[in-house]
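Report on the structure given below.
The values are calculated or read from the model by the stated rules, or taken from the named source; none is laboratory data. Quantities reported herein were computed from a predicted structural model and do not represent experimental measurements. So basically every Cβ, Gly included, is an ideal-geometry build from the backbone, and we count neighbours across all protein chains shown. The protein model used for the area step is the full one, side chains on, heavy atoms only, and it has no ligands, DNA or RNA in it. Shrake-Rupley method; radii C 1.70, N 1.55, O 1.52, S 1.80 Å.
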Amino acid sequence: MEEENKEAVISEIHRRIAEAFNVFDNESSKSVDVREVGTIIRSLGCFPSEAELHEMIAEVEEEEPTGYIRFEKFLPAMTKVLMERKFRPIPKDVLIQAFEVLDQEKKGYLEAEELKKYMTQEGEPFSQDEVEEMLSAALDNKENVIFYKDLVSKMTFEDL
Amino acid sequence: MGCGVSKSSQFHVQRCEKAAVLIQMWYRKYVARMEMRRRCTWNIFQSIEYAGEQDQIKLYNFLGYLMDHFTPSSSNLICHIFRENEVCRDAEWERYFCYKNIEIPEVYSGPHLTFPLTASQAAGLVESFKNKQQLHSRYVLQLLLETWKLLRILPNINRVSTCHSKEISICGDLHGQLEDLLLIFYKNGMPSMEKPYVFNGDFVDRGKDSIEILLILFAFLLVYPSDVHLNRGNHEDHIVNLRYGFTKEVLGKYRVHGKRILKLLQKIFSWLPLATVIDHKVLVLHGGISDATDLSLLAKVDRHRYVSALRPPKKKPGSEDQLSMDSDMEDDSWISRVSAGTRRRASLTYMKPFASRNDFQHRSLQDFSRHIIRPLREEPKDRRRQAEFTLSTLGHLSSLSAHSHCAALLLQIVDLLWSDPMSQDGCIPNEVRGGGCYWGPDVTEQVLSKNHLQLLIRSHECKQEGYEFCHSRKVLTIFSASNYYEVGSNRGAYITLGPDLIPHLIQYQASSMTRELTLTQRVGWTEHSALKVVREQLFAHRSDLTGAFQEFDKENTGMISLNDWARAVEAVLHLGIPWRVLRSQLVPNAPDGMMNYRSWFRELAIKEPDTEHIHQALLETVYRHRSTLETIFRIVDTDHSGKALGHAPAATVSRVQTRSVLSRV
């Protein structure tokens, strides 16, 4: 019974991976641009850091990188990630705590400039585009601050 | 930081680092999720768009098959459908297109035109259309006639130069979106001697102001014939227009003279040039190329005989050895001498010998599309001659060598208008569109170097940023209809090219509202539309889907797992949509991964269909094929009166039924 279940789970995982992969495989060539791999992995419910992502890409790349990742190599690596539940999602409360660390004065919000500074200077820095996009979505226009609790609620998804 | 940093502040710094990393990880995941959704949405729109084009081609091959295999006497209907110019012969053309007896009522408040047109009149026309005015049909016909006269003396391939430091502006698909054209003129200036333009096809269909766009482009063409260049697109085709909205638009705006206008446009479309070459180095055409593309051949072909990519050129009966020209220019008069009564079109595609009735019944529409262009393209020369031989014994065609030559040229033109680039080398039939091919970087290299060109500019495909390079930047796609799929779906763009021949790209998005939307909102809006379309598809296949679900629900509990749902839906619809990715949007109520498919259908229904008189299954089928049915209706309804033919042979649905069925969907 357990074997059957495991098989069923794996084949369903395979189908999910294939679907996500195919969204970016425009010509049905069974390969995608390496720059889209991050998106694919994240859309499957994983939260790799940039470093972890690069590691994974290195694993699935061709020996001589072509700029494309083939499905044959991607499937087993990704299946492993999903089965092992690597790169687990970040629970909402942990996320809010993270914001609270940055919000030293415990105001309940962060100024736009504050957040910008942290995002572009700390951790795995955002590019200019990334931070501007985040601000445009996150900013409460009237007060020019980010109420991070609301933001987290707005942007958290239920994972499959 | 001074010395003596305390442990607690060091700790704090570390915590900040960690917090930042966490937040960044989470946000990147969010963005990736949005990107995935955006891509899915895009793919949905594209596959439905191309599936529509495919259907179109299948439909016409099907009707073509009927044409070829039913003798004239047995089916007046088929002849009627394809009867092209029997109404208009010889001198009737003159009377038919004459605008002189059309009176302008005093109450008419739209623009007035006098010929020859001046630049200020052309600019005035733009202004009038901006103010939502409509040009009177008298002026429309007059303008179109002048355009027709001009186009007939233009070569197949426009040759343009950037000498005198002129910068050339190149626009892609406009698809009836007047706002985008106005935006381009606003940003870039209107066409003039100092500001030459190339418009790269697909001016019409889908958008609601196709005729206004045409009138503007033609007006500027007349005023600046050396500085405005129009390339034909695959939508400059009256048969495609039947399905994609242009025909409907014209008939709606010009109730009395619409048919006449469309007829004249049919001729004009066939006379549009096929391509433009700038400085002998940059090739601009609408769709693309193939490994068969031969520019010197294309420069010589009689382009106007290829009225529609979906129909091969007419042949004059009685002329044995050469195909005649549609000689509509005699003694400087534009009166056309139409070849009288062309009964049967040459069968472009059907190489097999006469099939029996039984064969026909077992064939699905799908089969016919396989016989379109691929057999011709793939058959090596000797096999083709063999096929020709078979045909000659059946006496189908009067001139075979001419036929295959003619077919080869048609293929080339179809390639020019319908092809798309792909990333792999080679050249394969474009099955998604049903016509043209997919061509690879090696073909680009081949065609460009053979013709001493350095860049290919084409359109035909919607791109999110309005443009896209490929094939090592040797191919540039330019698309000028912003928000094409939905508000916020994509930007439009145009190119300016100076004597250095380096393309400069200018992007825009009509509707200021969309610029302020965040990524979330844009994706959400477009997705909403796409999902609506998907839900409609699901609803239209309700019976089949229910059957498929029941396969997974042997005990008839009404519940199945989400995994089974996804599998069943893909098996029935074959749309290649990532169901699992979209699952949460399509099946919102699924506690514990199980869903109730009966209540799901109820929720899905957009509106309850009226099932009083019409059987459920029939309604579904009709709804599914409504687009195709509408097209058939429009073909059959040749006098555009809304009434189909009086006598009702088995092949058509009678007037009353069609109307009422269509109105219910």
So if I check each of B:445, B:431, B:461, which one is of a type in the set (D, E, K, R) and more than 16 Å from residue B:287 (Cβ to Cβ)? B:445
Do you know which residues across the stretch B:578-592 are closer than 17 Å to residue A:44 by Cβ and not hydroxyl-bearing (Ser, Thr, Tyr)? B:578, B:579, B:580, B:581, B:582, B:583, B:585
Residues located in the stretch B:458-489, provided they are surrounded by 23 or more Cβ atoms within 10 Å (Cβ to Cβ) and out of contact with any Phe, Trp or Tyr (no Cβ under 9 Å at 6 or more places or on another chain): B:458, B:481
Among the residues of the stretch B:471-480, which ones are at negative phi and modelled with pLDDT under 95? none
Would the stretch B:53-74 turn up any residue that is at pLDDT below 80, surrounded by fewer than 19 Cβ atoms within 10 Å (Cβ to Cβ) and in a loop (DSSP other than H, G, I, E, B)? yes
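So that you can scan it fast, the table gives a plain yes or no per residue for (1) within 13 Å of chain A (Cβ to nearest Cβ); (2) modelled with pLDDT of 80 or more; (3) surrounded by 11 or more Cβ atoms within 10 Å (Cβ to Cβ):
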position: B:558; (1), (2), (3): no, yes, yes
position: B:563; (1), (2), (3): yes, yes, yes
position: B:579; (1), (2), (3): yes, yes, yes
position: B:582; (1), (2), (3): yes, no, yes
position: B:589; (1), (2), (3): yes, no, no
position: B:609; (1), (2), (3): no, no, yes
position: B:619; (1), (2), (3): no, no, yes
position: B:624; (1), (2), (3): no, no, yes
Subset tally (residues that are touching a Ser or Thr at 6+ places or on another chain (Cβ under 7 Å) and under 23 Å from residue B:22 (Cα atoms)) for the stretch A:34-81: 0
I need every pair where a residue in the stretch B:441-456 that is closer than 14 Å to residue B:423 by Cβ has its Cβ under 7 Å from the Cβ of a residue that is open to solvent by 60 Å² or more (accessible area, probe 1.4 Å) and not β-branched (Val, Ile, Thr), sequence separation at least 6 or different chains. B:441/B:425; B:441/B:472; B:442/B:425; B:443/B:291; B:444/B:474
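Residues in the stretch A:135-147: is at least one touching a Gly at 6+ places or on another chain (Cβ under 8 Å), within 14 Å of another protein chain (Cβ to nearest Cβ) and not charged (D, E, K, R)? I'd like the intermediate steps shown before the answer.
Of the residues in the stretch A:135-147, the ones touching a Gly at 6+ places or on another chain (Cβ under 8 Å) are A:147.
If we keep only those that are within 14 Å of another protein chain (Cβ to nearest Cβ) as well, we get none.
Scanning the stretch A:135-147, I find no residue that is touching a Gly at 6+ places or on another chain (Cβ under 8 Å), within 14 Å of another protein chain (Cβ to nearest Cβ) and not charged (D, E, K, R), so the answer is no.
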Restricting to helices (runs of 4 or more DSSP H) lying wholly in the stretch A:6-113: which have 2 or more residues that are more than 21 Å from residue B:567 (Cα to Cα) and more than 12 Å from chain B (Cβ to nearest Cβ)? A:50-60, A:71-83
Filtering the stretch A:7-32 down to residues that are at pLDDT 80 or above and over 27 Å from residue A:90 (Cβ atoms) yields A:7, A:8, A:11, A:22, A:25, A:30, A:31
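Tally time: how many residues in the stretch A:114-133 are more than 9 Å from every other protein chain (Cβ to nearest Cβ), out of contact with any helix residue (DSSP H, G or I) (no Cβ under 6 Å at 6 or more places or on another chain) and open to solvent by 50 Å² or more (accessible area, probe 1.4 Å)?
Filtering the stretch A:114-133 down to residues more than 9 Å from every other protein chain (Cβ to nearest Cβ) leaves A:114, A:116-117, A:120, A:127-129, A:131-132.
Going one step further and asking which of them are out of contact with any helix residue (DSSP H, G or I) (no Cβ under 6 Å at 6 or more places or on another chain), we end up with A:114, A:117, A:127-129, A:132.
With open to solvent by 50 Å² or more (accessible area, probe 1.4 Å) added as a condition, the list becomes A:117, A:127-129, A:132.
Selection size over the stretch A:114-133: 5.
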Number of the exception - residue B:281 against (1) basic (Lys, Arg); (2) within 28 Å of residue B:473 (Cα to Cα); (3) within 21 Å of the chain's Cα centre (by Cα): (3)
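Residue-wise test of (1) among the aliphatic types (A, V, I, L, M); (2) over 28 Å from residue B:428 (Cα atoms).
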site	(1), (2)
A:18	yes, no
A:51	yes, yes
A:56	yes, yes
A:63	no, yes
A:88	no, yes
How about the stretch B:438-489: which of its residues are touching an Asp or Glu at 6+ places or on another chain (Cβ under 6 Å) and of a type in the set (A, V, I, L, M, F, W, C)? B:443, B:479, B:481
Would you say residue B:441 is within 17 Å of residue B:473 (Cα to Cα) and buried (at least 24 other Cβ atoms within 10 Å of the Cβ)? no
Just checking, does the stretch B:134-152 include any residue being under 27 Å from the mean Cα position of the chain (by Cα), of a type in the set (Lys, Arg) and at positive phi? no
Being closer than 15 Å to residue B:25 by Cα, of a type outside the set (Val, Ile, Thr) and open to solvent by less than 70 Å² (accessible area, probe 1.4 Å) is the requirement here; does residue A:53 meet it? yes
